[in-house]
Amino acid sequence: MALKLIGNGLSPFVRKARIALAEKGLTYEHDPMVPFGVSAEYKRKHPLAKIPLLEVDGRPIPDSSAIVAYLERIRPEPPLYPSDPYEYARAIWFEEFADGGLIGGAAPFFQQRVLGPLFFKRDADESLVEKAATETLPPLFDYLEEELGDDDYLVGNRFTIAGIGVAVRGDGKSGGTIRVAGLVATGRPGTLQIRLVDPVGQGTREGLGACTGDSGAPVFEDKQGGPVIIGVVSWSTGPNGAAGCGGMTGVTPLTLYRDWIVQAAQKWGVGL
Ligand SMILES: N[C@@H](CCC(=O)N[C@@H](CS)C(=O)NCC(=O)O)C(=O)O
């Protein structure tokens, strides 16, 4: 099945779809189209002329929420929505809260200070930014903080769509849960070491990746016949090589050691 995601990564909705694709470990083609002056052909696929749009073997799925819902069906693991009915409804609610509410408060910053000056040669209207910062956003953030309380996640006890972009990292309590992250290799992987990063932030900002306690975790490569174990996690960094997690994931490839492991096991008379 060929997946193609259309939409520039500057859009939070496109990033949402990319995070879901990365979490599910799905490979896809990416067309970083901007939604200005879109073609009639694109409008036939997405009558609202917005991004993102996912093409599945050429068939269009507009809207980030429809895209994530589709991905959840074709690749259920790791789940991005809880199975408990009430928690499921809460996750959908927080998704809508972000997509239909928070975005309205956050958009003026980007529209006025980035999009206007850079793309449309227009000065920022700081009154709109001020209004968003002092009137629109504070009650929305207050609500989120209240809902989160002292918990790590807004919904349930694992990483779900409701947590993407609003979860806080680095709490030991979140350890001990099997998680899968879809990462990409930086540059040309060597035989001594492979460095992996989140395909979205490329290791420059917090993203998916190994953390303390993940050493020894198997690393798979997506091959045509299915995933193949190619190495084990050996270290991790924070963004830009700083101490921490969610930046770079260091992997020791098994190619060099495989024969030695097999021969040593045979010599010692132990099974693998
Ligand atoms: N509900 C939609 C919102 C998509 C959306 O608003 N995308 C913006 C970019 S951040 C866009 O394409 N804007 C162009 C326009 O409104 O003409 C989704 O989740 O996909």
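Set the Förster radius R0 to 51 Å, insert the Cβ-Cβ distance between LEU256 and PHE109 as r into 1/(1 + (r/R0)^6), and round the FRET efficiency to 0.05. Display every interim value, and only then the final one.
Numbers: r = 48 Å, r/R0 = 0.95.
In this case the efficiency is close to 0.60.
Can you pull the percent of Cα pairs in the chain with separation above 34 Å?
Looking at the chain, the distances longer than 34 Å represent 27 percent of pairs.
Checking a compactness column here: for the stretch 3-74, what do you get for Rg(Cα) / (2.2 N^0.38 Å), N being the number of residues? Walk me through the numbers before you get to the answer.
Values: Rg = 11.1 Å, N = 72, 2.2 N^0.38 = 11.2 Å.
Cα Rg divided by the expected 2.2 N^0.38 Å: 0.99.
Where does the stretch 181-259 land on the Kirkwood hydrodynamic radius, alpha-carbon pairs, in angstrom? Don't skip to the end; give the middle numbers.
On the way: mean 1/r = 0.0802 Å⁻¹.
Taking every pair of different Cα atoms in the stretch 181-259, averaging 1/r and inverting gives 12.5 Å.
Using θ = phi - 60° and the Karplus relation 6.51 cos²θ - 1.76 cosθ + 1.60, list the HN-Hα couplings for the stretch 43-51 in order, rounded to whole Hz, with x at every Gly or Pro.
Karplus values, whole Hz, x for Gly and Pro: 5, 5, 7, 9, x, 8, 6, 10, 10.
What is the log10 of I(q)/I(0) for the stretch 1-121, computed with the Debye formula using one identical point scatterer on each Cα and no solvent, at q = 0.13 Å⁻¹?
-0.57
Would you work out the charge dipole size for the chain about its Cα centre, treating the Cβ of every Lys and Arg as +1 and the Cβ of every Asp and Glu as -1, and quote it to the nearest 20 debye?
Numbers: 27 positive and 33 negative charges, 252 e Å.
In total the dipole reaches around 1220 debye.
Every number here is computed from the coordinates shown, using simple stated rules; none is lab data. Just so we're clear, the structure is a prediction, and the values are computed from it rather than from any experiment. We place every Cβ from the backbone using ideal geometry, glycine too, and count neighbours over all the protein chains shown.
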